[in-house]
Amino acid sequence: MALRIKLPGGTLKMKVYRELRVRERERRVPVMKIGSLYFIWWSNSQPHDKPQDSRR
């Protein structure tokens, strides 16, 4: 189970590997590993990926 801590400017998350999202596994967001835990920083100002419109 992930632990989320809301902080000014973003959210600090603590997870184990199997809980990581694709963006976190690919290190497209700041990730630090300590032992078997991953600490992930999700900034409020960071752009989020949006699904592409397939109806072009």
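The values are calculated or read from the model by the stated rules, or taken from the named source; none is laboratory data. Keep in mind that what you see is a predicted model, and the values were worked out from it rather than measured. Backbone-built Cβ (ideal geometry, glycine too); neighbour counts: all protein chains shown.
With respect to residue 50, determine if the residue is at pLDDT 95 or above and either over 12 Å from the mean Cα position of the chain (by Cα) or surrounded by 10 or more Cβ atoms within 10 Å (Cβ to Cβ) (or both).
Working: at pLDDT 95 or above: no; either over 12 Å from the mean Cα position of the chain (by Cα) or surrounded by 10 or more Cβ atoms within 10 Å (Cβ to Cβ) (or both): yes.
No: the conditions fail for residue 50.
Which condition breaks for residue 43 when tested against (1) of a type outside the set (Lys, Arg); (2) surrounded by 10 or more Cβ atoms within 10 Å (Cβ to Cβ); (3) modelled with pLDDT of 95 or more?
Of (1) of a type outside the set (Lys, Arg); (2) surrounded by 10 or more Cβ atoms within 10 Å (Cβ to Cβ); (3) modelled with pLDDT of 95 or more, only one is false for residue 43: (3).
Hey, can you tell me all the residues within the stretch 10-25 that are over 10 Å from the mean Cα position of the chain (by Cα) and exposed (fewer than 11 other Cβ atoms within 10 Å of the Cβ)?
Listed by number, the list holds a single entry, 18.
Taking the stretch 26-40 as the region of interest, how many residues are at pLDDT below 95 and not in a loop (DSSP other than H, G, I, E, B)?
Summing the residues that are at pLDDT below 95 and not in a loop (DSSP other than H, G, I, E, B) in the stretch 26-40 gives 0.
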